[in-house]
Amino acid sequence: MGRAGLRGALQKAALAAVVCFASEAGAVELKGAGATFPANLYEQWISEFNRANTDVTVTYSAVGSGEGIRQFSQGSVAFGATERPLSDKQVEAIAGGVLHVPTTAGMIVFAYNIPGLDKELRLSQESVAGILSGRIKAWNDPVIQAANPGANLPAKDIALVARRDSSGTTFSLTSHLAAVSSDWKEVGTTIVWPKTAQLVAGNEGVAGRIAIAEYSIGYVEYSFAARLNLRTALVENKSGQFVRADAASGAAALASTVDAMPADGRQSIPNPEGETAYPIVTYSWVLLRRENADAAITDGLKRFFGWGLADGQALSDKLGYIPLPAPVAERAKAILAELR
Amino acid sequence: MAELKLSSLSEKSISRNPSGAEYASDRGFRGLALACGLAMMLLLLAILIIIGREAAPAISKYGLGFLTNAVWAPGRGEFGILAEIWGTLYSSILALIIAGFFGVSIAIFLTQDFLPPALAQVFRTIVEMLAAIPSVVYGLWGIFVVIPAIRPLANWLHEHFSFIPLFGTSFGGPGMAPAVIVLAIMVLPTVAAISQDAFRLIPYKVKEAAYGMGTTRWEAILKVMVPTAANGIFASLVLGFGRALGETMALAMIIGNANQISLSLFSPANTLASLLASTFPEAGQLEREALMFAALALLFITFIVNVAGTIIMSFAAKQQTT
């Protein structure tokens, strides 16, 4: 290629770049960050939504609820995501106020890796609190054995896997524990785990660690366990029933509290009622600033989450999330409509 | 001699005084080299100062208690790195014992005429290539090869010898044992290469003298060659130790990330470098300061070890050449 040819090529490249930018001019980019809990669903939402709506580009980084709230409060992302609603103090710090839009719900399951165990593991409330506090150290502990008659629980140390990062999943789990066990004191997004616990980041980190570590157990949102084909334990609920995490038990857990859903969408369900209800469930919220300076952003957020609350709900079940009950979805749409 | 010198001076010498340009370029080069040397020192100083300044709030808040507390609880604002210091030293020392044994054996094998020189060169290159494998690849290899491979042995040891603290907990997977094995392989090239240099520095006449005294080959190696190269071998161990202390990615993947102090080879643990790598991305302000303090502690430990290694090595080289 001669000099002239090179110059021609450069001009073409420059032209191509200009054309490229021109076609992007009408597009709006929505950046979000937060919980890893709903990440599998949001990922799917984004790819489905972007197929039909090329003018709105949504990106979501799953960095954990704590980090998501931090970035949202600083204003570096258009939306945050969390399973721990903001405190009133945190809301006040943001000019114009914050909307909590419930987008989905999920079950926190205990995924385990016990080679050779011939029966499904059943965890009573006492054994859950015991394992997570480090009081129960071995799989053949009488407390665990009591709920698993006839199971060949091994005489091995329990390898607990927990979250290091600031996590809404941890918050939901510890809220449940505090509700069912009088010994459990610490509730929060980061707590002090037993010394033997393996601490990793993100729901995917916990699931990945359980997959490679034998005699391990940890807590993740159901879809992460399903993705890696991890076995999950039956957990004792408020009525003393041992319940498997599935679409029906998740829906039953939400059904018990639908009527009590407050107007602002911030509802925690630390210990749901019902014979068939799975005991550890939580809504997952996106955080939106009530007032957005850029109308294109407001419009983009309304369209994306509006789509998610309608068509997007159909994807929940398949991925291992609980679709919002109809009244809650309506409530969520009403909250989204307040966005300016 | 004197005559020769005089006669060569009287003829037109091929040597001449340096020209002005050569003086200038020589000065320029010296200046450049000096500047580069100083820049390196400044860079090191700058790193120290910046980390120190970032760590200052944590240093004044936690003081020396930071080094003796084994709790890392960002939620409570309580930080200590005793468990990580323990994990760092424990894993590095164990890895060094393994790497030392194999590294020195390899060095003897490759320098003491066991192999034809061409073949020895091939082996040397292969061992040195171990150093070129990226850390993250070692980590993956640890997860998918080392852990399953040692599982039967580890389970057997725990079942039969659980009264020995080394095997006191059951083996799950990520933990001290696979970390030590991977770490040993990672520092092996360092130990092997520097010990080989130490052996090669020994003049051939030393070995010939030993044979002349009627020693067998193994007597010559163990009673003459190894003691003579001892300082160099020791330096290789210290430098290997320095490398093991700072190793990050592979360990973050397989050591188990548990902040506990345990003698058991099968329980998960943590190291300073792995704590830094895995905690930084999500750390808040307070935790970041504490991590900077931890970084400073790690820097201090590796600095001391590396300086010690270098001093011993230069001492060894001096002793052997005189």
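Radius of gyration and Dmax for segment B:6-89's Cα atoms, expressed in Å?
28.2, 87
Could you rank B:TYR138, B:TYR211 by how accessible they are, 1.4 Å probe, largest area first?
B:TYR211, B:TYR138
Summing Lys, Arg as +1 and Asp, Glu as -1, what charge do residues with Cβ under 15 Å from the Cβ of A:GLY205 carry, A:GLY205 excluded?
Computed value for this residue: -1.
Can you tell which of B:PRO152, A:GLY308, A:GLY218 lies farthest toward the positive end of the dipole of the protein assembly as shown, using +1 and -1 charges on the Cβ of basic and acidic side chains (Lys, Arg; Asp, Glu)?
B:PRO152
If amide hydrogens are placed 1.01 Å from N in the peptide plane, which non-local residues have theirs closer than 5 Å to the one on A:THR104?
Distant-sequence amide H within range of A:THR104: A:SER284.
Please list, ordered by chain and number, the residues whose modelled amide H lies under 5 Å from the amide H of A:SER256; skip anything fewer than 5 residues away on the same chain.
Long-range HN contacts for A:SER256: none found.
Once fully extended, how much extra length lies between B:GLU78 and B:ILE261, figured as 0.36 nm per residue of separation less the alpha-carbon to alpha-carbon distance?
Fully extending the segment from B:GLU78 to B:ILE261 adds 64.1 nm.
How large, in percent, is the carbon and sulfur part of the accessible surface of segment A:107-260 at a probe radius of 1.4 Å?
52 percent
Using every alpha carbon pair in segment B:246-322, what percent of pairs falls into each 10 Å bin from 0 up to the bin containing the largest distance?
Taking every Cα pair in segment B:246-322, the percentages come to 17, 34, 27, 14, 7, 1.
Along each of its three principal axes, how wide is the spread of alpha-carbon positions in segment A:23-90, in whole angstrom units, largest first?
Extents along the principal axes: 41, 24, 17 Å.
How big is segment A:107-260 along each principal axis, measuring the range of its Cα positions in Å and listing the largest first?
46, 34, 33
Under 25 °C and 0.890 mPa s, how fast does the protein assembly as shown diffuse according to Stokes-Einstein, given a Kirkwood radius computed over C-alpha pairs? Answer in µm²/s, whole number.
Once the numbers are plugged in, D ends up at 84 µm²/s.
How are the Cα pair distances of segment B:94-163 distributed, in percent, across 10 Å bins from 0?
Answer for segment B:94-163: a P(r) of 16, 30, 32, 18, 3 percent.
Mind putting a number on the dipole of segment A:107-260 about its Cα centre? Charges go on the C-beta only, +1 for Lys and Arg and -1 for Asp and Glu, and I need it in Debye to the nearest 20.
240 debye
Under a point spin-label approximation (7 Å from Cα along Cα-to-Cβ), what is the B:LYS205-B:ALA56 distance to one decimal in nm?
6.0 nm
Ignoring ligands, DNA and RNA, what accessible area per residue does chain B give at 1.4 Å, in Å²?
53 Å²
Calculate for chain A the 222 nm mean residue ellipticity that helices alone would give, adding -39,500 (n - 2.57) per DSSP H run of length 4 or more and normalising by residue count, nearest 500 deg cm²/dmol.
Theoretical 222 nm ellipticity from helices: -12500 deg cm²/dmol.
For A:LYS302, which lysines qualify as cross-link partners when the Cα separation must be under 25 Å and same-chain residues fewer than eight apart are set aside?
Correct list for A:LYS302: A:LYS31, A:LYS318, A:LYS333.
Across all directions of projection, what mean area in square nanometres is found for the Cα convex hull of segment B:157-272?
Computing the convex hull of the Cα atoms and averaging its projections yields 9.5 nm².
For chain A, what proportion of DSSP beta bridges, expressed in % and rounded to the nearest 5, is antiparallel?
Here the share of antiparallel DSSP bridges comes out near 60 percent.
Based on the Cβ-Cβ distance from B:ALA149 to A:ASN140, what FRET efficiency comes out when R0 is 22 Å, to the nearest 0.05?
After rounding, the FRET efficiency stands at 0.25.
Starting from the amide H of A:LEU30, placed 1.01 Å from N in the peptide plane, find each other amide H under 5 Å away whose residue is 5 or more places distant or on another chain.
A:THR57, A:VAL58, A:THR59
Provide the buried accessible surface between chains A and B in square angstrom, both chains summed, 1.4 Å probe, rounded to the nearest 100.
Chain pair A/B: roughly 2000 Å² of buried accessible area.
Using the Karplus curve 6.51 cos²θ - 1.76 cosθ + 1.60 with θ = phi - 60°, work out ³J(HN,Hα) for each residue of segment B:209-216 in order, rounded to whole Hz, and write x for Gly and Pro.
4, 4, 4, x, 6, x, 6, 7
Express the Stokes-Einstein translational diffusion coefficient of chain B in µm² s⁻¹, to the nearest whole number, given a Kirkwood radius over alpha-carbon pairs, 25 °C and a viscosity of 0.890 mPa s.
It comes out at roughly 106 µm²/s.
Not counting ligands, DNA or RNA, and with a 1.4 Å probe, what is B:PHE300's accessible surface area in Å² rounded to the nearest 10?
B:PHE300 exposes around 130 Å² with every protein chain in place.
Would you please calculate the Kirkwood hydrodynamic radius of segment B:1-154 over all C-alpha pairs and express it in Å, rounded to one decimal?
Over segment B:1-154, the inverse of the mean reciprocal pair distance is 23.5 Å.
Mind grabbing the accessible area of A:ARG231 for me, 1.4 Å probe, Å², rounded to tens?
Answer for A:ARG231: close to 90 Å² accessible.
Just the Kirkwood number for segment A:156-226, please: inverse of mean 1/r across all distinct Cα pairs, in Å, one decimal.
12.5 Å is the Kirkwood radius here.
About its Cα centre, how strong a charge dipole does the protein assembly as shown have in debye, to the nearest 20, once Lys and Arg get +1 and Asp and Glu get -1 at the Cβ?
1740 debye
Could you order B:LYS207, A:LYS318 so the one with the most accessible surface comes first? Probe is 1.4 Å.
Most to least solvent-accessible, the answer reads A:LYS318, B:LYS207.
Could you run the Karplus curve 6.51 cos²θ - 1.76 cosθ + 1.60 with θ = phi - 60° over segment A:158-163 and give me ³J(HN,Hα) per residue in whole Hz, x for Gly and Pro?
7, 9, 7, 10, 9, 8
Over chain A, what portion of Cα pair distances is larger than 24 Å, expressed as a whole percent?
Tail fraction, whole percent: 57.
How about A:LYS185: which lysines have a C-alpha closer than 20 Å to its C-alpha, ignoring those fewer than 8 places off in the same chain?
Within the straight-line limit of under 20 Å, A:LYS185 reaches these lysines: A:LYS137, A:LYS195, A:LYS238.
Accessible surface of A:ASP157 in the full protein assembly, 1.4 angstrom probe, to the nearest 10 Å²?
We get 60 Å² for A:ASP157.
From the residues B:ILE254, B:GLY240, B:TYR23, which one has its Cα farthest along the dipole of chain B in the positive direction, the dipole being from +1 and -1 charges on Cβ of Lys/Arg and Asp/Glu about the Cα centre?
My answer, from the dipole projection, is B:TYR23.
Compute, for chain B, the length of the dipole vector about the Cα centre, with Cβ point charges of +1 (Lys, Arg) and -1 (Asp, Glu) only. Units Debye, rounded to 20.
600 debye
For A:ARG266 and A:GLU120, calculate 0.36 nm times their separation in residues minus their Cα-Cα distance, and state this gained length in nm to one decimal.
The A:ARG266-A:GLU120 span can extend by a further 49.1 nm.
Could you put A:ILE131, B:ILE261, B:ILE133 in order of accessible surface area, largest first, with the 1.4 Å probe and the full protein assembly present?
Heavy-atom accessible area, descending, gives B:ILE261, B:ILE133, A:ILE131.
Which value, in Å², gives the accessible area per residue of segment A:107-260 when a 1.4 Å probe is used on the protein heavy atoms?
35 Å²
Over the residues of segment A:179-308, compute the C-alpha Rg and express it relative to 2.2 N^0.38 Å.
Expressed relative to 2.2 N^0.38 Å, the Cα Rg reads 1.29.
Starting from the Cα of A:ASN50, step 7 Å along the direction of its Cβ; do the same at B:LEU130; then give the gap between the two resulting points in nm.
A separation of 4.4 nm, rounded to one decimal place.
The values are calculated or read from the model by the stated rules, or taken from the named source; none is laboratory data. Note that the structure is a prediction, hence the values are computed from the model and not measured. Here the Cβ is made from the backbone with ideal geometry for all residues, glycine too, and neighbour counts use every protein chain on show. Heads up: the accessible areas ignore ligands, DNA and RNA and are worked out on the full protein's heavy atoms, side chains in. Shrake-Rupley method; radii C 1.70, N 1.55, O 1.52, S 1.80 Å.
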